Amino acid sequence: MTSDLRTAASTAGEQLRTALVDQLQAGGHVRTLAVETAPHTALRHPFVPDASLADAYADAPVSIECDIDGTPISCTAQPGPS
């Protein structure tokens, strides 16, 4: 990956993380600075390498393993309450 692509991906990831925090704040789910900064310091996308950046930072669980029929059997936690 070239440095330009890396920078673009980083910028897109930061925008998605900020949007996620904004969404969680709007829902009243962010009450401390630690929770507000967590998505910016504990990156989610490296743990879901098959997901798009948009899916990694959506307020939804991400399937990380499926059974032989394609039924999800393992997923990440949803960032906000369901």
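Bear in mind these aren't lab numbers, they're just calculated from the coordinates by the rules spelled out. Everything numeric in this text was worked out from a predicted model, so none of it was measured. Please note: Cβ atoms are built from the backbone with ideal geometry, for glycine as well, and neighbour counts cover all protein chains shown.
Could you tell me the center-to-center distance, by alpha carbons, between segment 24-46 and segment 48-82 in angstrom?
That distance is 18 Å.
Please compute, for the alpha-carbon atoms of the chain, the extent along each of the three principal axes and give them in descending order in Å.
41, 37, 16
Which one of Ala56, Ala19, Ala34 has the biggest mean-square fluctuation once the chain is modelled by GNM with Cα springs under 10 Å?
Most flexible of the set in this elastic network: Ala34.
Take Thr11, Thr18 and order them by how many other Cβ atoms sit within 10 Å, fewest up front.
So the residues, fewest neighbours to most, are Thr11, Thr18.
Rounded, prolate or oblate: which fits segment 39-82 when a ≥ b ≥ c are the square roots of the eigenvalues of the alpha-carbon gyration tensor, with rounded for a/c under 1.5 and prolate only if a/b beats b/c?
Taking the square roots of the gyration eigenvalues as a ≥ b ≥ c, segment 39-82 is prolate.
Just add up the charged neighbours of Pro39: K/R +1, D/E -1, any other residue whose Cβ is under 14 Å from the Cβ of Pro39.
So the environment of Pro39 carries a net charge of -2.
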